[in-house]
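As structure tokens, the structure follows; a few thoughts come after it.
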Amino acid sequence: MFQRLLLLIFVLLAGLLPHQNANSAEFPRYPLQFIISFPPGGPGDTTIRIIHPTLQKNFGGDIQLVNKPGAGGAIAYTYVQKAKPDGYTILSTMSAPLTVGTALRTLPFSLDDYEYIGAYAFGATGIVSKPDARWKDLDGLLAYIKKNPGKLNYGTSGAPTAPYLTMAAILAMRGLKAIPVHYKGSGPARNAALGGHVDFSAGGFGAMQALIRAGKLVGLAVTDDQRDPKFPNIPTLKEKGLGRASIGLWAGLWAPKGTSKAVLDRLSAALKKTATDSAVVKKLNKAGFRVAFVDGEKAKKLARQDHETSKEIMKAVGIKKK
């Protein structure tokens, strides 16, 4: 009887204590995990590692970076979608697996399965090959593919990504055929071209730049509207009459659906402060990214816009959803 009374008192007292969750003043009680959908070397990993020290300081809590690559980013997106919405599991990656991937393939997640925290870094897709290739520019590559249909293969950053859809659209628009080889990110796709495992590659341009500067890879084209001042010899797809194949690449933060507004606002404020830090901006610019903070609501609209653009490209060039 006495033990039951003690248990009742304990339960009543526990109910009077403040509930320790993501909304409490003590959040975070332990490190957050930022889930990265690609391996090191690609834009999805590079961007967050550049801003991580400053973001962690501005957030005021420990943030651990965890790579969960695979399936063109879909593994990480699915992992976060199913995570408890308590503020401790955040998706930090590129938008393409969500915006492009869900247009290209039937995936276990959609644009509405997440809370949008914000976007901060914007990049482009680059098409590269080795300096000793049998072509010297994009026109030469496309001409070679035309004469040798189905004989060349190319690396991509994954099936449900913007670089893959961009290259697939280019080939479809010109009535050409080459075989895609899907890797777990832009870093591996870049390395495949460098090692001669594929004939050329399409991936995040930021991941390609160091090797282009070193003369180990040749940039054939980028998806930006204008040429990059640091690489004035690399033409845009728009110049080649292929601008319709260009799709946006941007890095952002997402949380599981149902995460509290308090957590989202705190992370968004930290991201905004980080994205306007001059030292961070300089580092991201050097890595090949344009920096601009976009809040959660606008990021959601941007994702929807990119998704619809992807579907329009697919329809225009005859690519069917799988």
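Any read-out appearing in this document is the output of simple, stated calculations on the displayed coordinates, not a laboratory observation. Only a predicted model underlies this, so the values are computations on that prediction, with no experimental measurement involved. All Cβ positions, glycine included, derive from the backbone under ideal geometry; neighbour counts span all protein chains shown.
Structure data summary
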{"quantity": "DSSP bridge orientation in the chain - percent antiparallel, rounded to nearest 5", "calculated": "60"}
{"quantity": "Among 314, 108, 175 the positive-end extreme of the charge dipole of the chain (Cβ point charges)", "calculated": "175"}
{"quantity": "Simple Cβ-charge dipole of region 125-245, Lys/Arg +1 and Asp/Glu -1, about Cα centre, in debye nearest 20", "calculated": "240"}
{"quantity": "For peptides 101-110, 33-42, sequence by mean Cβ density within 10 Å, most packed first", "calculated": "33-42, 101-110"}
{"quantity": "Counted charge near residue 292, where neighbours are those whose Cβ lies closer than 12 Å (Asp, Glu -1; Lys, Arg +1)", "calculated": "+2"}
{"quantity": "Acute angle (nearest 10 degrees) that the helix 261-275 long axis makes with the longest principal axis of the chain, alpha-carbon atoms", "calculated": "50"}
{"quantity": "Fully extended contour minus Cα-Cα distance, from residue 261 to residue 29, at 0.36 nm per residue", "calculated": "81.8 nm"}
{"quantity": "P(r) histogram, all alpha-carbon pairs of the chain included - 10 Å bins from 0, percent", "calculated": "6, 27, 32, 19, 9, 4, 2, 1, 0"}
{"quantity": "Positive-end residue, the chain charge dipole about Cα centroid, Cβ charges, pick of 235, 263, 51", "calculated": "235"}
{"quantity": "Förster radius 35 Å - calculated FRET efficiency between residue 305 and residue 197 (Cβ-Cβ, nearest 0.05)", "calculated": "0.50"}
{"quantity": "Dipole of the chain, positive end: most advanced residue of 31, 221, 133 [Cβ charges, Cα centre]", "calculated": "133"}
{"quantity": "Point-charge dipole on Cβ atoms (K/R +1, D/E -1) for region 214-301, about Cα centre, debye to 20", "calculated": "120"}
{"quantity": "Within-14-Å neighbourhood charge of residue 240 [Cβ basis; K, R +1; D, E -1]", "calculated": "-1"}
{"quantity": "Residue 286-residue 182 FRET efficiency (beta carbon distance; Förster radius 35 Å; 0.05 resolution)", "calculated": "0.75"}
{"quantity": "Net charge dipole size for the chain [Lys, Arg +1 and Asp, Glu -1 on Cβ; Debye, nearest 20]", "calculated": "740"}
{"quantity": "Inter-site label distance for residue 230 and residue 279 at 7 Å from Cα along Cβ, in nm", "calculated": "1.9"}
